[in-house]
């Protein structure tokens, strides 16, 4: 039996998030572009993701997989397309093939959120050494957000950028035990981003995350 952990449609990819997803670290296949739509799926056991990929691409051969990854416990697939209807059809082929519904996924849970104002020089320097997106500038505010399952950091990053267009995506970590997001800007921008993330995650239908 394949456990569906995440079934996530991310519509209308924002500029910074699409750019982050197109880096070699993320896009191990075909890079997504701004304005395209993304379907991100996580399943267990990990190798079941290859059946997921097969179901999607045989139904919709024009889909582009950006990420096909197996970690210790879970398998992850990201597909993207400019055609949202076809992406929905690929997703339905996956769900039908494993006998699941989208609502069988886990409901995201926020583990931690904080806004740090007026980031110090030393703090910015050490974070910039490990970032995967834009630089964190000293003196700005920093929104840090941790949640599970980790893949929901993707929609959190995308929706935060839409809600606060002036915000800077410093890093998004969407693979692992938990997802982490680092966003910088003014205090007001960070608050708008945090509120939008809370709203989007709260609206996701799914089964409770085990504690």
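Observations
- Listing 30, 112 from fewest to most neighbouring C-beta atoms within 10 Å gives 112, 30.
- Coarse-grained scattering of the range 153-211 at q = 0.22, 0.30 Å⁻¹, given as base-10 log I(q)/I(0) from a Debye sum over alpha-carbon atoms: -0.86, -1.27
- Cα-derived Rg over Rh, computed across the chain with Rh taken as Kirkwood radius: 0.97
- For the range 41-166, the spread of Cα coordinates along the three principal axes comes to 51, 30, 25 Å, biggest extent given first.
- For the range 109-202, the relative contact order works out to 31 percent when only alpha carbon pairs closer than 8 Å and six or more residues apart are counted.
- Adding -39500 (n - 2.57) for every DSSP H run of four residues or longer, then dividing by how many residues the chain holds, sets the calculated 222 nm ellipticity at -10000 deg cm²/dmol.
- Value of Rg to Rh for the range 109-202 (Rh from inverse mean 1/r over Cα pairs, i.e. Kirkwood): 0.94
- Each residue in 140, 110 was given a count of other beta-carbon atoms within 10 angstrom of its own, and listing them fewest first yields 110, 140.
- Relative to the longest principal axis of the Cα atoms of the chain, helix 152-163 runs at roughly 60 degrees.
- Relative contact order, whole percent, for the chain stands at 19, derived from Cα pairs under 8 Å and 6 or more residues apart.
- Taking every alpha-carbon pair within the range 3-104, the share separated by more than 22 Å comes to 22 percent.
- Angle in degrees between helix 187-202 and the longest Cα principal axis of the chain, rounded to the nearest 10: 20 degrees
Every number here is computed from the coordinates shown, using simple stated rules; none is lab data. All of these numbers come straight from a predicted model, not from anything done at the bench. Glycine gets a Cβ as well: all are built from the backbone with ideal geometry, and neighbour counts include every protein chain shown.
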